[in-house]
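Asker: Right, I'll just put the structure down here and ask away after.
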Amino acid sequence: MRLLLWEQIRDDKPHYPDVIQAIELILPKNSKIVGKTLREAKLHKECLICAVVHNDEVFVPNGDTIFYPEDRIIIFVKAGYVKNVMPAFEGKE
């Protein structure tokens, strides 16, 4: 397993669908999950948020964790589902 930034994955060559990827990203202000709890975010079942960095504090989130703009999160995603999972973290149009 390797840690990838989302920007590295967008243009990367196709990955094996059964590989788990660790992805680090920073939530934009207009992310679809900002202001929601992990429970409310209803993320894809193939996505696991493993860590959140908020105000220089690192913690493992639970269902009551609220996401804020500029939070840095580490997610594990099955490679074949990355493109299905990422829209939840990107900005709203």
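Asker: For the stretch 69-84, give me the residue count where each residue is out of contact with any Leu (no Cβ under 7 Å at 6 or more places or on another chain) and in contact (Cβ under 8 Å) with a residue 24 or more places away in the chain.
Answerer: 9
Asker: Within the stretch 23-77, take every residue that is part of a loop (DSSP other than H, G, I, E, B) and acidic (Asp, Glu) and give me the one that is surrounded by the fewest Cβ atoms within 10 Å (Cβ to Cβ).
Answerer: Going through the qualifying residues, I end up with Asp56.
Rule-based calculations on the coordinates, nothing more; no lab input. Remember, predicted model here, so these are calculated numbers, not experimental data. Cβ: placed from backbone, ideal geometry, glycine included. Neighbour counts: every protein chain shown.
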